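Trainee: Quick one: structure below, then a few questions.
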Amino acid sequence: MDVETFVVPPLENNVYLLYDGGTREAVLVDASLSAAKVLPRIKELGLTLRFVLNTHGHHDHMADDAAIAKATGAKVAIHEADVYRLEKNARDPRPYMPTPPPPAKADVVLKEASVVKVGGVGIRTMHTPGHTEGSVCFYVPDANVLFTGDTLMAGTFGMTGASGGSPAQMFRSLKRLYVLPSDTKVLPGHGPPTRIVDEAWIANLRYAAPH
């Protein structure tokens with residue numbers, strides 16, 4: 001499995017194109033505003049895009065879901081708890097977006113342990129709420145890679161104070177990720193890649209429930 005990274009607007013988002021060199025099948029993790037970069041690359045490589053996988057439903061991560069799905073025939077996939085955001089975002093502008101994203105349709109509703117395949121490689125869904133109620137990470141054991149969206153980034157984690165966020169759930173999600181193999185490569189929604197072993201701060205996290 002090959003992985004290419006694109007850094008795109010609106011918030012220096014990381015977009016990942018995964019493809020199987022044999023079958024030429026591909027998936028895209030978090031479309032963001034990447035159509036102008038990703039679509040020519042897909043054509044250049046002769047790929048068939050099967051899925052657009054969303055780590056969560058925030059505007060900056062799903063902005064080109066509809067455009068890329070329309071251009072390629074790919075199916076849009078998102079966790080069941082964040083499905084509502086794909087249409088809601090079109091009615092809910094954000095100052096960091098040039099325009100509200102067009103509504104997208106969830107063709108595949110993901111749950112914990114849902115698996116999609118690129119060629120012969122399985123991509124497993126891990127439900128990791130905290131940033132949003134439907135945040136997920138995509139784990140590829142065969143490639144030792146974890147796509148974390150805004151759940152885990154190098155040295156930090158996504159905000160938990162917006163609608164659908166939860167500090168308690170984020171705490172549990174991070175602890176869950178930390179038990180993955182220590183050399184697992186982490187590809188986050190923003191910022192540089194890291195590895196589980198390099199995020200030792202997670203082991204020291206403590207959560208005190210409010211009284």
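Each reported figure results from applying straightforward, stated rules to the coordinates on display, with no laboratory input. These figures come from a predicted structure and were not determined experimentally. Using ideal geometry, Cβ is built from the backbone for each residue, glycine included, and neighbour counts are taken over all protein chains shown.
Trainee: Can you tell me which residue in the stretch 141-151 is surrounded by the most Cβ atoms within 10 Å (Cβ to Cβ), limited to those that are more than 13 Å from the chain's Cα centre (by Cα) and of a type outside the set (Asp, Glu)? Write out each step before concluding.
Mentor: To start, the set of residues in the stretch 141-151 that are more than 13 Å from the chain's Cα centre (by Cα) comprises 141-144.
Of the ones still in play, those that are also of a type outside the set (Asp, Glu) are 141, 143-144.
Numbers: Pro141: 14, Ala143: 16, Asn144: 14.
Checked the stretch 141-151; the qualifying residue surrounded by the most Cβ atoms within 10 Å (Cβ to Cβ) is Ala143.
Trainee: Still on this structure, I have one more. Any idea which of Gly189, Gly134, Gly155 is of a type outside the set (Phe, Trp, Tyr), under 26 Å from Ser34 (Cα atoms) and exposed (fewer than 14 other Cβ atoms within 10 Å of the Cβ)?
Mentor: Details: Gly189 fails: exposed (fewer than 14 other Cβ atoms within 10 Å of the Cβ); Gly134 fails: exposed (fewer than 14 other Cβ atoms within 10 Å of the Cβ).
Criteria check complete, one pass: Gly155.
Trainee: Mind checking whether some residue in the stretch 201-209 is under 28 Å from Phe6 (Cβ atoms), touching a residue at least 40 places away in the same chain (Cβ under 8 Å), of a type in the set (Phe, Trp, Tyr) and not in a helix (DSSP H, G or I)?
Mentor: Among the residues of the stretch 201-209, not one is under 28 Å from Phe6 (Cβ atoms), touching a residue at least 40 places away in the same chain (Cβ under 8 Å), of a type in the set (Phe, Trp, Tyr) and not in a helix (DSSP H, G or I), which makes the answer no.
Trainee: If I filter the stretch 110-131 down to residues being assigned to a loop (DSSP other than H, G, I, E, B) and free of Cβ contacts under 8 Å to residues at least 60 places away in the same chain, which single residue comes out as surrounded by the most Cβ atoms within 10 Å (Cβ to Cβ)? Write out each step before concluding.
Mentor: Keep residues of the stretch 110-131 that are assigned to a loop (DSSP other than H, G, I, E, B), which gives 111-114, 119-120, 128-131.
From what is left, the residues that are free of Cβ contacts under 8 Å to residues at least 60 places away in the same chain are 111-114, 128-130.
Values: Lys111: 11, Glu112: 12, Ala113: 9, Ser114: 18, Thr128: 29, Pro129: 23, Gly130: 25.
Filtering the stretch 110-131 for residues that are assigned to a loop (DSSP other than H, G, I, E, B) and free of Cβ contacts under 8 Å to residues at least 60 places away in the same chain, the one surrounded by the most Cβ atoms within 10 Å (Cβ to Cβ) comes out as Thr128.
Trainee: Of a type outside the set (Gly, Ala, Ser), surrounded by fewer than 24 Cβ atoms within 10 Å (Cβ to Cβ) and under 25 Å from Val179 (Cα atoms): is that true of Glu80 in this structure?
Mentor: Answer is yes for this residue.
Trainee: Could you list, in sequence order, all residues of the stretch 76-109 that are over 16 Å from the mean Cα position of the chain (by Cα), aliphatic (A, V, I, L, M) and either outside any loop (DSSP other than H, G, I, E, B) or closer than 17 Å to Ser135 by Cα (or both)?
Mentor: Correct list: Ala90 only.
Trainee: Can you pull out the residues in the stretch 22-36 that are at negative phi and either crowded, with 16+ Cβ neighbours inside 10 Å or touching a residue at least 40 places away in the same chain (Cβ under 8 Å) (or both)?
Mentor: First, pick out the residues of the stretch 22-36 that are at negative phi: 22-23, 25-29, 31, 33-36.
Once the filter is applied, which keeps residues that are at negative phi and either crowded, with 16+ Cβ neighbours inside 10 Å or touching a residue at least 40 places away in the same chain (Cβ under 8 Å) (or both), the stretch 22-36 yields Gly22, Thr23, Glu25, Ala26, Val27, Leu28, Val29, Ala31, Leu33, Ser34, Ala35.
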